[in-house]
Structure formats: C-alpha cells, structure tokens
1. I need the peptides 64-70, 76-82, 38-44 ranked by packing, meaning the mean over residues of other C-beta atoms within 10 angstrom, with the highest value on top.
2. Which value, in Å², gives the accessible area per residue of the chain when a 1.4 Å probe is used on the protein heavy atoms?
3. Express in nm, to one decimal, how much length is gained between GLU130 and GLU81 on full extension, taking 0.36 nm for each residue of separation and deducting their alpha carbon distance.
4. Given labels modelled 7 Å from the Cα in the Cβ direction, how far is it in nm from VAL91 to PHE67?
5. Please give the charge dipole size of the chain, origin at the Cα centre, charges +1 on K and R Cβ atoms and -1 on D and E Cβ atoms. Round to the nearest 20 debye.
6. Taking a quarter of the surface of the Cα convex hull of region 3-129, what do you get in nm²?
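The values are calculated or read from the model by the stated rules, or taken from the named source; none is laboratory data. The model shown is predicted, which means the values in this text are computed figures rather than measured ones. Here the Cβ positions follow ideal geometry from the backbone for every residue, glycine too, while neighbour counts run over all protein chains shown. Surface accessibility is based on the protein's heavy atoms, side chains included, excluding ligands, DNA and RNA. Shrake-Rupley method; radii C 1.70, N 1.55, O 1.52, S 1.80 Å.
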Amino acid sequence: MKIADLVQSADWKAEKHVPVIEAPDKVKAGEKASVEVCVGKEIAHPNTTEHHIRWIKIYFKPENAKFAFEVANFEFTAHGESTEGANKGPVYTEPVGKAVVKLSSSGTLIAEAYCNIHGLWEGYKNITVE
Ligand code: FE2
C-alpha cells in the first residue's frame, strides 16, 4: 500500500473535494506569480465542526525533475467549535489559500487537500516559464 493509492482525483466541476489551483498559464522567469488554491470551487464543500477541509498543500514539480518541492501549506483550524457546542462558534476558516511564487522552470503545480472524513484529494495545473 502506498499513500498515492489513497489520493483521489476527479473533475472539480462535479466533485466538491478536488483542490482547484488558479494561476497564470505562462509566467516570466523570476517574476512574482499569484497561486490560489481552494476546495469547493463549483460545488461548496461543507464547513462544519464535524465535516470540513483540514488542510491544503501546494507542491511544484519542475519538468524533467525527479522530485517535487513543497510550495505552501495552509491549515484551516476554525470550524465552529465553541463551549456552546459544535457549530455554535463565531468563526469558520474557508478552505482557500494564496501564495506568491517565483519560478525559473516550467512544471506542474500540484495541490493536495485533506477532508477530515473523506480523506486525500489532489488537483494540478501546468505552468510554463517563458
Ligand atoms: Fe468531505
């Protein structure tokens, strides 16, 4: 068993768990580029004390490289917890994160998301450095 066997992917327009990466298709080498990731872009994922997205990570795998690099790590830690009980709290963190990157090589941005009851999901976006 490998962890890769447990990571699910699907069309994000039909499946609410898939992390969606929004970034430019092309960037210039060394220039700042905004990378935003979210879960539930087309179909909202629940955000309750019992059922929520716990974290999203972004990796970058340069083309022709063997290894991926971790780019950003977002933890979403407020899900309505309160002394009043579950879902009575004053704050919920939405599963959205933004990073700014500078790339020197074309490659693939890979997002991995974790739902506390539906496990691991991934999405990706290719990005070209000109
Ligand atoms: Fe879920």
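1. Details: 64-70: 9.6, 76-82: 16.0, 38-44: 17.9.
Ranked from most to least packed, the peptides come out as 38-44, 76-82, 64-70.
2. Numbers: 7750 Å² over 130 residues.
Roughly 60 Å² per residue, with all protein chains present.
3. Taking GLU130 through GLU81 to full extension adds about 13.0 nm, to one decimal.
4. Taking the simple label geometry, VAL91 and PHE67 are separated by 3.6 nm.
5. The calculation lands at about 340 debye.
6. It is 8.3 nm².
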